[in-house]
């Protein structure tokens with residue numbers, strides 16, 4: 001069952017640490033899917049009470065290391081939280097064009113020296129002190145005005161250190177280990193890693209160009225989903241954007257499940273020109289998150305979120321016992337960026353759209369199906385993921401393997417086109433077409 005590896009420990013924490021050491025990248029002795037000994041058997045071997053092993057296994061489940069399936073017992077998860085999807089990155093040799101990283105075009109990001117200097121001047125007049133509201137009033141007003149303009153339901157405003165931080169805090173405010181969360185498939189690998197790390201079960205929801213499919217969400221809700229995380233637009237990796245028609249259908253489904261937590265991730269705000277069609281507000285608890293990372297720079301670690309009063313109160317209350325608040329310097333800098341119009345959102349969205357649409361069209365001309373309705377990524381369904389990645393690397397192009405973004409959906413590759421030059425489109429399309437044939441043409445990702 002465990003091969004040469006021996007679980008050790010007398011207390012629950014020691015036993016759990018021993019299993020984690022075997023699963024971790026450093027040891028690698030407990031491979032994904034490895035069955036663990038029944039609790040009574042391991043207890044007898046270690047000379048401890050079975051309740052001690054039960055507590056250790058419970059800890060491991062909550063940390064996303066193992067899973068338990070009734071009579072089949074416990075086993076190492078197929079993707080333990082100690083082995084994140086980012087580890088599946090492609091090594092990019094010198095001279096190979098890198099389309100793997102998901103980063104924005106630095107040339108389209110605003111310079112931060114001016115906004116940070118202005119923030120420092122504001123801070124000199126109004127420094128952050130203990131006991132103040134964690135959200136600067138002017139940032140709260142700007143954020144709320146933006147939400148109102150996009151039809152987001154009314155609610156208080158909170159801040160976190162990026163979108164993933166917000167999603168984690170909202171999930172933790174309502175869900176407990178063992179609960180199920182519906183997540184897009186293909187979808188953002190960080191969310192697919194976060195859920196098991198919180199001890200949650202992932203229920204994959206298939207997507208098409210208009211967002212989560214209604215039939216797939218219906219199945220997840222019937223299977224007991226306690227929460228749904230959906231990317232409103234610029235979905236990673238497929239570029240999907242929730243349309244008005246799809247939003248209406250999804251909201252209709254959710255209306256019959258008022259206890260389901262709904263989280264809208266609108267990280268595309270500021271660099272996508274498609275309208276927002278949020279799902280939040282139809283159920284009792286909801287949140288919508290907007291990150292500044294893609295439009296203003298990944299190091300500007302700030303996201304604004306709104307939602308129902310109970311959810312935001314829980315998030316802010318727990319935040320007070322941790323980081324306390326997001327730096328006022330960063331808040332003042334975002335106020336400056338939003339107030340001054342430092343980013344021409346229309347121009348940025350047009351620039352990304354031209355690169356994305358040019359590649360999708362070029363691939364279509366070559367008989368290769370591709371998806372990229374919004375954002376800065378293009379998703380290409382393939383039959384042999386590893387083979388395509390390898391052949392493209394040999395041809396001078398590095399692309400991200402779809403395994404980083406999938407649960408049950410078919411294989412594919414993600415190409416980040418944010419820095420793709422017009423002169424490169426034809427050559428890249430030729431290389432992709434040569435890499436995917438004969439198995440990829442017409443393959444669907446849902």
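Just to be sure I understand: of the beta bridges DSSP finds with both ends in the chain, what percent are antiparallel, rounded to 5? Walk me through the numbers on the way to the answer.
Details: 23 of 45 bridges.
Within the chain, antiparallel bridges account for around 50 percent of the total.
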- Footprinting proxy, 245, 408, 184, 94: sorted fewest to most Cβ within 10 Å, the residues are 94, 245, 408, 184
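Tell me the mean residue ellipticity at 222 nm calculated for the chain from its helices only (DSSP H runs of n ≥ 4, each -39500 (n - 2.57), averaged over every residue, nearest 500). The partial results should precede the final answer.
Working: 15 runs with 173 residues, N = 446.
Taken over the chain, the calculation gives -12000 deg cm²/dmol.
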- Computed over the Cα atoms of the range 223-328, the Rg and Dmax in Å are 14.7, 43
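In percent, what relative contact order does the range 129-326 have, based on Cα pairs under 8 Å that are 6 or more apart in sequence?
Details: 393 pairs, mean separation 50.3, N = 198.
For the range 129-326, the relative contact order is 25 percent.
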- Note on the structure: Most fluctuating of 53, 289, 170 in the GNM of the chain (C-alpha, under 10 Å) is 53
- Item | Relative contact order of the range 12-76, defined on C-alpha pairs under 8 angstrom at six or more residues apart (%) | 38
- Item | Cα coordinate range in the range 295-446, projected on the principal axes (Å, largest first) | 55, 36, 27
- Ranked by GNM mean-square fluctuation in the chain (Cα springs under 10 Å), the top entry among 340, 291, 74 is 340
- Message: Cut-off is 10 Å between beta-carbons; in what order do 148, 133, 264 appear when sorted fewest neighbours first?
- Response: 133, 148, 264
- How high is the relative contact order of the chain, in percent, counting Cα pairs under 8 Å that sit 6 or more residues apart? 18
- Note on the structure: From the Cα centre of the range 215-260 to that of the range 116-193, the distance in Å is 21
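Nearest 5 percent is fine: what portion of the DSSP beta bridges confined to the range 129-326 is antiparallel?
Details: 11 of 30 bridges.
Once the DSSP bridges in the range 129-326 are tallied, antiparallel ones form about 35 percent.
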- With the chain reduced to its Cα atoms and the Debye formula applied, log10 I(q)/I(0) at q = 0.07, 0.09, 0.12 1/Å amounts to -0.38, -0.64, -1.09
- On a C-alpha basis, how far is the centre of the range 6-53 from the centre of the range 352-398 in Å? Whole number, if you could? 44
- Prolate/oblate/rounded label for the range 242-283 (Cα gyration tensor, a/c 1.5): oblate
- Most mobile of 312, 46, 139 per a Gaussian network model of the chain (Cα springs, under 10 Å)? 46
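For 68, 386, 160, what's the fewest-to-most ordering of other Cβ within 10 Å of each Cβ? Each step should come with its number before you reach the end.
Numbers: 68 15, 386 12, 160 25.
With the sparsest Cβ surroundings first, the list reads 386, 68, 160.
Read-outs throughout are calculated quantities, based only on the coordinates presented, and are distinct from any laboratory measurement. All of these numbers come straight from a predicted model, not from anything done at the bench. Note that we place each Cβ from the backbone using ideal geometry, even for glycine, and neighbour counts take in every protein chain shown.
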